[in-house]
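K.L.:
Quick one: the structure is below, and I'll ask about it shortly.
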Amino acid sequence: MTETLQIPNLAHCIAEYIRSEGLPPGTRLPGRKLAERFRVSRTPVERALRLLEQHQVVSPSASGGYEVQSGPVAISPEVLGAEPQSEYERLYLRLADDHTEGRLPERASENELIRRYGSSRGMIMRVLQRAAGEGWTERLPGRGWAFIPLLTSELTYEQICRYRIVVEPAAMLEPTFVLDRPALEACRREQVAMFDGAGRDLSPVELFESGSRFHQTVLACSRNPFFINGLTQANRVRRLIEYRKTMGSVNWRNRCMHHVRIAELLLDEAREEAASLMRTHLEQGAREKSLPT
């Protein structure tokens, strides 16, 4: 096993895995599987899970171990005690951009990536493990990594936008829709804070993840696993494209305002009005992000 991650950084990787996979509350988190995914032993995984429990990301399971706790928690690496992320974020975005543009080989060794990016092995490993949690890299035997092909054409991106415009508003009107009030209130508070100024200090990655967290929270209320899993899959494809589109966007505050209003309408049980605004919100976002960046 490769013991390169400090406990706060491993905890952040696990939290990112929970978010990127769209794992619903109550999902078991077997320590053995997490250890295999992040190439570490069970001991640091257990310590990382205890740290995440302190921040209400996970909770003890009645059958032993840990499970995902109810409600999304906006948590940054710094909150967990991880080191500052400036170099890490820059390297992550460079790797993501190279992968999106097809500049990376299908397979590469850690030494090749170290030479390519001029970074340390520990930093390269952190970025690769994060990418593995998001579903676009995979660890090979030894010190090799495979880069999973992405559907990243503008046509594919437009199709994903159309999928979301059709599915997300409709899911809000489903008879199975049950509002997760604590989770939605947490999202609303996060969006209000961003609109009031906190968003100016966020990276493109953090802006995307905040918006994605809001939409996943709303869709999860539909209690329809096909809707939920469909959005999770769509997010995996659009994540790397939208990092670059968000970087050049000047309208993220407008999107925050829409998120806040949609949350308020749902909390007031005005689902039809909320669904209508969601459709308008997604259509405006699709038009904006379809412009060249």
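The values are calculated or read from the model by the stated rules, or taken from the named source; none is laboratory data. Computed from a predicted structure; not experimentally measured. A quick note on method: Cβ atoms are made from the backbone with ideal geometry, for glycine too, and the neighbour counts reach across all protein chains shown. Heavy atoms of the whole protein, side chains included, go into the accessibility calculation; ligands, DNA and RNA do not. Shrake-Rupley method; radii C 1.70, N 1.55, O 1.52, S 1.80 Å.
K.L.:
Would you check the accessible area of C161, probe 1.4 Å, heavy atoms only, in square angstrom rounded to 10?
P.N.:
Near enough 20 Å² of accessible area.
K.L.:
Near the amide H of T137, under 5 Å away, which other amide H atoms are found, from residues 5 or more places off or on another chain, if H is placed in the peptide plane?
P.N.:
A132, I148
K.L.:
Still on this structure: Could you tell me the accessible area of R143 in Å² (1.4 Å probe, neighbours in place), rounded to the nearest ten?
P.N.:
Surface open to solvent at R143 totals about 130 Å².
K.L.:
If you don't mind, another one. How much accessible area does H258 have with a 1.4 Å probe, in Å² rounded to the nearest 10?
P.N.:
My reading of the accessible area for H258 is about 30 Å².
K.L.:
Right, something else. Of F227, Q159, T176, which is farthest along the charge dipole of the range 159-238 in the positive direction, counting Lys and Arg as +1 and Asp and Glu as -1 at C-beta?
P.N.:
Checked the options; the winner is Q159.
K.L.:
First check a/c for the range 147-223, with a ≥ b ≥ c the square roots of the eigenvalues of its C-alpha gyration tensor; if it is under 1.5, answer rounded, and if not, answer prolate when a/b is larger than b/c or oblate otherwise.
P.N.:
Judged from the Cα gyration tensor, the range 147-223 comes out oblate (a/c at least 1.5, b/c at or above a/b).
K.L.:
When the label point is put 7 Å from the Cα of E272 along its Cα-to-beta-carbon vector, which residues of the range 170-198 have a backbone N closer than 13 Å?
P.N.:
173
K.L.:
Among R126, R223, what's the order by accessible area (1.4 angstrom probe), most exposed first?
P.N.:
The ordering from most to least exposed comes out as R223, R126.
K.L.:
Would you list E101, E288 from the most to the least accessible area, probe 1.4 Å?
P.N.:
E101, E288
K.L.:
Identify the residues of the range 197-219 with backbone N under 16 Å of a label point that sits 7 angstrom from the Cα of D98 along the Cα-to-Cβ direction, or state none.
P.N.:
Within reach of a label on D98, which here means backbone N under 16 Å from a point 7 Å along Cα→Cβ, the range 197-219 contributes nothing.
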